[in-house]
Amino acid sequence: QIQNNSTCSKMPRSKLVLTFDQKARKDFVCGFRKRKDQRRKIAQEELKVKARKEKAGGRRAKRDERDKRMQEYEEVMRARREQRQKEEEEIREFRRLREVQNRDRQVTEQINEMESSDTDSEIVQVERRDK
């Protein structure tokens, strides 16, 4: 510690008096190891925090990658589902058209049968008249 014996600023300054603190000296001299150990401990804690953050970042990156792949998979499945629905709709439409065509053919055949049966009966009647 440094002490100034002057009491007034106008008075000439007297010599400085130094007092020596033995405890402070011992703490300073013996504290090198303690301070070094403390720096090491702080550095280790910082490394742990840094490693934890890197690990969390790695997990986050993996999670993001997994989410991205899942989204791509869902898009592919959605596209396949839509394609399948389109194909099924085309098949249903084709079947409807075929049923309509079959009904039209059946109606046409029935009409032809009816027409042919009418002419046959007329022919039979005409033949009977001839006899």
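Taking all Cα-Cα distances within the range 48-111, those exceeding 18 Å account for 68%. Summing +1 for each Lys or Arg and -1 for each Asp or Glu among the other residues whose beta-carbon sits under 13 angstrom from that of ARG60 gives +4. LEU97 sits with roughly 90 Å² accessible to a 1.4 Å probe, with DNA, RNA and ligands left out of the calculation.
In this structure LYS41 has an accessible area near 120 Å², from a 1.4 Å probe over the protein heavy atoms.
The values are calculated or read from the model by the stated rules, or taken from the named source; none is laboratory data. Every value quoted in this text rests on a predicted model; they were computed, and no experiment measured them. Every residue, glycine among them, receives a Cβ derived from its backbone with ideal geometry; neighbour counts consider all protein chains shown. Calculation scope for accessible area: heavy atoms of the full protein, side chains included, ligands and nucleic acids excluded. Shrake-Rupley method; radii C 1.70, N 1.55, O 1.52, S 1.80 Å.
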